[in-house]
Amino acid sequence: MPSPGLQRPRGTADRLPADAPAWDGVLRAFARECRLRNFQPISTPTFETTELFDKGTGATTDIVQREMYTFDDRGGDSLTLRPEGTPSIVRAYQQHGMHVLPQPVKLYYVLPVFRYDRPQAGRLREHHQIGAEALGDPNPAVDAEVIDLLWSTLRALGISDLALHVNSLGDPESRPAYRAALVAFFTPHADKICADCQQRLTQNPLRLLDCKKPPCERVSADAPRSLDYLGDAAREHFDTLRRLLGALDIPCTLDHRLARGLDYYNRTVFEIVPPHGSAQSTVGGGGRYDYLAETLGGPHLPGVGFGSGIERILLNRRRVGLEEAATHVPDVYVAPLADAALTVVTTVAAGLRQAGVATEVGYAAASPRSHLRRANAIGARVALIVGNREVEAGRVTLKPLGGGDQVDVALDDVVSSTQAVLAGRATGGDA
RNA sequence: GUGGGCGUAGCUCAAUUAGGUUAGAGCGUCUGGUUGUGGCCCAGAAGGCUGGGGGUUCAAGUCCCCUCGCUCACCCCA
């Protein structure tokens, strides 16, 4: 691997031509599911003011505390490579006055996100997410549609063994009571939980729930459940969501310990995970964030959305044994046998391309053997050979590479004859 | 951020039990196999400061240290 010279930065990946079909497949499936639900595409800058994430993502999150790529630009402004998509989308909603549009405003995006973390399988410092946000409507039917969008996309991609975990974190009014209950519950057990968790006890008690360490899990098994602290409205919201998920035939598991790592969630939180996944295997996750917009200094704006890692989706496609499509190859190869054929080759190729036929050319005169070897290696189905004989006669030799006799066609008929051969019809050329 | 494994041509791997001459092969690439015809086959070539740096030794791809990178687990997330 590391040959001399420059290497890409740690935790980044090159996406090579061979990877394109799989990647495009994800984007196409996602765009289709979005279109079917009237989600519209949006894209926002790769970097934003640091303040957006400090306030939006939340100062107590790991993301903000130790994972952001933050730098001062030459003008002295603090900027940050986005570590997630949601705050940018809410910011764009506010900045463009999308409250004048029919609500909810439903947006989707595909974007690179950056987090400084130790790379491992399924975890990169730059990864890519598909995501969607529905802004301006608090109804649980919107939550259901957002979850359905991600679920359906993954199903369309052939990954059918994933599990949906859901929970409700309640609203700001009920949160203090629940938080206090957690603290009251865990404090007597403080000596039995890990050091991290002891810190969480004061910093962010909700996160005590999803610690995977056995001692902590033992303790938290009997911990108070957020559902028991929900207000009537939040309870009804969650019940309706689960009913609608049932109507959509989306099986979901109630996970009392699902808390998510972002500060802004209220009510609905969800995650989609593979059957035997570990912590870093989450394929996608999201939730409702009705108070994020206010946190950013705007008017009240309910919202719900998700993000899902494209690299992890692809990992799961491979895990379940799905084959990816082959890369595109040209249909035709045009081969000059002599310098005098170069002009003809160029114009023939241009004519084919105008007719929509993918065409590769030989860029220099060479022997038929070497040209045909190359044509074969490239995967072309038809070779068009132009040598001195053809140039003089104003014709080209058309050779089907899958077998069959080669024919000699007039320059004016090259496009139609080639298309006929590609379509599997008789060539019509005179031999 | 914490711990473990690994690092030889573009790729997959070799390199004779405690180190020993010009580090090999297959695949791939390029060029040829007389006269204008591919796939198979044959031949040849290109391609490595053995990730990088330092150390031990008469001698290091092989041993030691550092560093970079990959990888696995933890953590966290997508």
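The values are calculated or read from the model by the stated rules, or taken from the named source; none is laboratory data. Keep in mind that this is a model prediction, so the values were computed, not measured. Neighbour counts are summed over all protein chains in view; Cβ atoms, including those assigned to glycine, are modelled from backbone coordinates with ideal geometry. Keep in mind that these areas ignore ligands, DNA and RNA; they rest on the heavy atoms of the full protein, side chains included. Shrake-Rupley method; radii C 1.70, N 1.55, O 1.52, S 1.80 Å.
Points worth noting:
- Karplus-derived 3J(HN,Hα), 6.51/-1.76/1.60, for each residue of region A:383-398, Hz, glycine and proline x: 10, 10, 9, 10, x, 4, 4, 5, 4, 5, 8, x, 9, 9, 8, 9
- 1.4 Å probe accessible area per residue over chain A, in Å²: 49
- Gyration tensor (alpha-carbon) shape descriptor, region A:332-422, a/c threshold 1.5: rounded
- Heavy-atom accessible surface of A:H165, to the nearest 10 Å², is about 40 Å², with a 1.4 Å probe and all protein chains retained.
- 3J(HN,Hα) couplings calculated from phi for region A:258-270 with the Karplus curve 6.51 cos²θ - 1.76 cosθ + 1.60 (θ = phi - 60°) are, in sequence order, 6, 10, 6, x, 10, 6, 7, 6, 9, 6, 5, 10, 8 Hz; Gly and Pro show x.
- Paired Rg and Dmax values of chain A, which use every Cα atom, in angstrom: 28.8, 96
- Backbone amide hydrogens, once placed in the peptide plane, bring A:T57 within less than 5 Å of nothing, excluding anything fewer than 5 places away on its chain.
- What a 1.4 Å probe finds exposed on chain A is 51% carbon and sulfur by accessible area, rounded to a whole percent.
- The accessible-area ordering, largest first, of the residues A:L248, A:L301 stands as A:L248, A:L301, per a 1.4 angstrom probe.
- Dipole orientation for chain A: of the candidates A:L27, A:G321, A:G307, A:G321 has the Cα lying most toward the positive pole (charges on Cβ; Lys, Arg +1; Asp, Glu -1).
- Longest exposed-site-free window of chain A, the sites being GluC sites (Glu not before Pro) in a DSSP loop that have at most 14 other C-beta atoms within 10 Å: A:1-172
- Derived scalar couplings ³J(HN,Hα) [region A:350-361; Karplus, 6.51 cos²θ - 1.76 cosθ + 1.60; whole Hz; x for Gly, Pro]: 4, x, 5, 5, 5, 8, x, 9, 5, 9, 10, 10
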